[in-house]
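Visitor: Here it is, the structure, as structure tokens.
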Amino acid sequence: MPSLHFHLTSSMSPSEVMGVLTDFGPSRVERWPSIDAEHFQVLERGDTWAEVTEGNDKSWERARYEWAPSQNRVTVTTHDSVPFGSGGWNFQMTPTDGGTRIDVRLERHPSSLKAKMLSPIIPFAGPVFRKSFKEPLKTV
């Protein structure tokens with residue numbers, strides 16, 4: 001099971017970071033450059049969870065987001081994705097003097113041959129993910 005763990009530093013508060021991660025309105029497509037309108041759909045939504053499909057023509061995932069504001073945590077359970085299969089994300093926000101430390105963990109459980117062949121790159125993809133989070137989460 002390939003995994004990746006890294007942290008980011010944001011100038012936003014933990015609640016603001018959580019707000020960006022869990023905003024499933026039309027602005028999500030504008031805020032996240034890796035999501036396009038053609039590949040974004042909110043399937044179901046509750047007070048502290050959402051089932052969505054999001055991504056672009058090269059990479060997408062069908063996932064359940066769950067968030068716990070009192071714990072500053074967002075958990076994403078990926079049911080399926082192209083190209084890597086199931087797995088998930090965990091975002092843990094910790095307040096700092098100047099904003100928030102965001103600990104990010106990604107795990108994938110590849111099942112297809114293609115996913116198994118591509119999954120060894122996941123532990124080395126930190127710089128790509130850091131870049132994709134930079135503007136939406138105002139990281140430094």
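Visitor: Out of 48, 100, 96, 53, I need the residue that is surrounded by fewer than 19 Cβ atoms within 10 Å (Cβ to Cβ), touching a Pro at 6+ places or on another chain (Cβ under 8 Å) and more than 17 Å from residue 3 (Cα to Cα). Which one?
Guide: Testing whether each residue is surrounded by fewer than 19 Cβ atoms within 10 Å (Cβ to Cβ), touching a Pro at 6+ places or on another chain (Cβ under 8 Å) and more than 17 Å from residue 3 (Cα to Cα) leaves just 48.
Visitor: While we're on this one: Tally up the residues in segment 57-109 that are outside any strand (DSSP E or B) and either over 25 Å from residue 38 (Cβ atoms) or among the hydroxyl-bearing types (Ser, Thr, Tyr) (or both), please.
Guide: Within segment 57-109, the first condition is being outside any strand (DSSP E or B), and the residues that meet it are 57-59, 69-72, 83-85, 97-98.
Then keep just the ones that are either over 25 Å from residue 38 (Cβ atoms) or among the hydroxyl-bearing types (Ser, Thr, Tyr) (or both); that gives 59, 69-72, 97-98.
Qualifying residue count, segment 57-109: 7.
Visitor: Testing residue 81 on (1) modelled with pLDDT under 95; (2) within 19 Å of residue 24 (Cα to Cα); (3) open to solvent by less than 60 Å² (accessible area, probe 1.4 Å); (4) out of contact with any Lys or Arg (no Cβ under 9 Å at 6 or more places or on another chain), one condition comes back false. Which one is that?
Guide: With respect to (1) modelled with pLDDT under 95; (2) within 19 Å of residue 24 (Cα to Cα); (3) open to solvent by less than 60 Å² (accessible area, probe 1.4 Å); (4) out of contact with any Lys or Arg (no Cβ under 9 Å at 6 or more places or on another chain), residue 81 is out only on (4).
Residue-wise test of (1) within 14 Å of the chain's Cα centre (by Cα); (2) surrounded by fewer than 16 Cβ atoms within 10 Å (Cβ to Cβ).
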| position | (1), (2) |
| --- | --- |
| 2 | no, no |
| 11 | no, yes |
| 17 | yes, no |
| 63 | yes, no |
| 69 | no, yes |
| 89 | yes, no |
| 110 | no, no |
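The values are calculated or read from the model by the stated rules, or taken from the named source; none is laboratory data. Since the structure is predicted, the reported quantities are computational estimates derived from the model, not experimental observations. So basically every Cβ, Gly included, is an ideal-geometry build from the backbone, and we count neighbours across all protein chains shown. Surface accessibility is based on the protein's heavy atoms, side chains included, excluding ligands, DNA and RNA. Shrake-Rupley method; radii C 1.70, N 1.55, O 1.52, S 1.80 Å.
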